[in-house]
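This report refers to the structure that appears directly beneath it.
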Amino acid sequence: MKQDTIIIFDFGSQYTRLISRRLREKNIFCDLVSPNIDPNFFKDRTIKGFILSGGPNSVFDIDSPKIPNWIMNLDVPILGICYGMQLIAQEFNGKVEEASNREYGNAILKIKKDSMLFNGIPPSNKVWMSHSDKIIKLPENFTAVAETNNTFCAAFEYKNIYGVQFHPEVDNTNLGDEILSNFAVNICGTKNDWTSQNFIQNSINQIKDEVGDSNVICALSGGVDSSITATLIHKAIGSQLTSIFVNNGLLRKNEEDDVMNFLKKDLGLNVILADASKQFLEKLKNISDPEKKRKIIGTEFINVFEKESKKINNVKFLAQGTLYSDVVESALIKDGHQVVIKSHHNVGGLPEKMKLKLIEPLRLLFKDEVREIGKELGINNKVIGRHPFPGPGLAIRIMGDVTEKKLELLREADHIFIDEIKKANLYDEIWQAFAVLTNTQSVGVMGDNRTYQNCVAIRAVNSKDAMTADWSKIPYDVLSKISSRIINEVNGVNRVVYDITSKPPSTIEWE
Ligand code: XMP
């Protein structure tokens, strides 16, 4: 059965992602894509409606993005938000005026006419405005259904086409999620059945159908995404799935044992452990450039994975924990009509090389939805709440070349840091926390002696999706304890600094 979908075209507003969030919070499935997307991208979906997002452009800019032509030929409802509304007005020969001033902030929306869009919304409702251009003449046959002090047309409609000048997706609009849900459910007729249970059952059925009696391999890192991917597939096809866990020598303290125990005992998966740590460290010898490190690790990973998977017969599929953010990011980055799906950092190139088909059961989910699925599958909270850990592991947390000695030092420092934030009950509040071994040495004094030793940086950030992040305000007393434990317990460190930069301008990782 094809998945009902509301398609959101991203015209570049900083709020666009929130539209999909709001809909998904209401159990409505939607897809956020570039207006340049190839309509074939949706061939396995039932398109129930389109939302045209806001955007920074003016409809008067020569190269401003336009409504994709192909949607006009489908008899499917359309909702334009802000810039999206102005595009509709222009398309239907209304008049949009270029404004020099921006209207930014709260306004009171007065609903003047009955509209399905505003079902259950009070006649006077607080909304959030952020626009320059505005509509000064409606297209023929369009009706203005709401106004504000600043515009006679804060919302319009014509047949199954709707537009709102304000942003229903931001929290500052009262009942904005209801307005979006009115559009999706009442106007488009989509079902709000996008729940964890339905998702799991549908995925299991699909995987069974697709895989038949072939075998599937999965690269497991022990992280949330790959563990949940493997668990779902395991539920569908049991022993036809073999998972491979590669120890690349760049793991954290006790990670190999912890992960293997959890994968085998807790999840009951059939896992092969490939310890290739020596091989990775050999290849990384004297390499300092972060991108070179990433490339080497990626290539080595493919070599090891390929070798291990050849031991299994009749393999036709490779399972990956690709998330919706990866899919969307690649669809948006690529301009034009071709949609390129970003491969998982660790297994890029592998499916083509081994002639395997991909199975990506989580590719329609956001990270927090994946966690919900994990809970529903009965996966331990400790795993579901694990901080993300990058594929290239500690190699990109050691500035400069990677050696066994540096790895040992970083593992100890990192372990202490995580231990202390867990003791302070901060782990679950923080998106990601880790230690970095800087390539700076500095002078210190221990006892009566001068030291000249390493500086460790600690980094903790709060984020929703890793696209932006703020540094975590860990209390001073906790920071102080972390610092003194690292200095006292880790040989070779005489200075600890706390990274207080957000993303942007920094990234989360140091390399
Ligand atoms: P940045 O440093 O780009 O990180 O702000 C954003 C998120 O992505 C993770 N990250 C990686 N994950 N391979 C991965 O699998 C990589 O090369 C990589 N680089 C960054 C990072 O840990 C953070 O969660």
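The values are calculated or read from the model by the stated rules, or taken from the named source; none is laboratory data. Since the structure is predicted, the reported quantities are computational estimates derived from the model, not experimental observations. Counting neighbours? That spans all protein chains shown, and the Cβs are built from the backbone with ideal geometry, glycine included.
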From the set of residues in segment 15-27 that are charged (D, E, K, R) and farther than 18 Å from residue 128 by Cα, which is surrounded by the most Cβ atoms within 10 Å (Cβ to Cβ)? 24
Among the numbered conditions (1) closer than 30 Å to residue 392 by Cβ; (2) outside the structural domain of residue 356 (by TED's automatic domain parsing), tell me where residue 250 comes up short. (2)
Does segment 199-214 contain any residue that is more than 24 Å from the chain's Cα centre (by Cα) and surrounded by 22 or more Cβ atoms within 10 Å (Cβ to Cβ)? no
If we ask which residues in segment 465-499 are at pLDDT 95 or above, within 16 Å of the ligand (Cβ to nearest atom) and of a type in the set (Val, Ile, Thr), their number turns out to be 0
Tally the residues that are without any contact (Cβ under 8 Å) to a residue 60 or more places away in the chain and within 11 Å of residue 4 (Cβ to Cβ), restricting the search to segment 43-60. 3
Pair list, Cβ under 7 Å, 6 or more apart: segment 431-453 residue over 14 Å from residue 499 (Cα atoms), other residue among the charged types (D, E, K, R) and part of a strand (DSSP E or B): 442/495; 443/450; 444/495
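Filtering segment 476-511 down to residues that are part of a helix (DSSP H, G or I) and small (Gly, Ala, Ser), which residue is surrounded by the most Cβ atoms within 10 Å (Cβ to Cβ)? Break it down stepwise before answering.
Step one: of segment 476-511, the residues part of a helix (DSSP H, G or I) are 476-489.
From what's left, small (Gly, Ala, Ser): 480, 483-484.
Details: 480: 12, 483: 20, 484: 12.
Here the answer is 483.
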Just checking, does segment 438-460 include any residue being polar (S, T, N, Q) and either under 27 Å from the mean Cα position of the chain (by Cα) or assigned to a loop (DSSP other than H, G, I, E, B) (or both)? no
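Condition check ((1) under 22 Å from the mean Cα position of the chain (by Cα); (2) in a loop (DSSP other than H, G, I, E, B)) across all residues:
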| position | (1), (2) |
| --- | --- |
| 1 | no, yes |
| 4 | yes, no |
| 7 | yes, no |
| 13 | yes, yes |
| 19 | yes, no |
| 47 | no, no |
| 62 | no, yes |
| 71 | no, no |
| 76 | no, yes |
Working carefully through the options 255, 308, 282, find the one that is at pLDDT 95 or above, among the acidic types (Asp, Glu) and surrounded by 15 or more Cβ atoms within 10 Å (Cβ to Cβ). 255
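Results for (1) in contact with a helix residue (DSSP H, G or I) (Cβ under 7 Å, 6 or more places away or on another chain); (2) crowded, with 21+ Cβ neighbours inside 10 Å, shown as yes or no for each residue.
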{"site": "379", "(1), (2)": "yes, no"}
{"site": "387", "(1), (2)": "no, no"}
{"site": "394", "(1), (2)": "yes, yes"}
{"site": "397", "(1), (2)": "yes, yes"}
{"site": "405", "(1), (2)": "no, no"}
{"site": "414", "(1), (2)": "no, yes"}
{"site": "419", "(1), (2)": "no, no"}
State yes or no: is residue 183 closer than 26 Å to residue 139 by Cα, among the aromatic types (Phe, Trp, Tyr) and in contact with a Leu (Cβ under 7 Å, 6 or more places away or on another chain)? yes
In segment 28-56, residue surrounded by the most Cβ atoms within 10 Å (Cβ to Cβ) [restricted to those that are over 23 Å from residue 186 (Cα atoms) and touching a Phe, Trp or Tyr at 6+ places or on another chain (Cβ under 6 Å)]: 55
Out of everything in segment 421-437 that is in a strand (DSSP E or B) and among the hydrophobic types (A, V, I, L, M, F, W, C), what residue ends up being surrounded by the most Cβ atoms within 10 Å (Cβ to Cβ)? 435
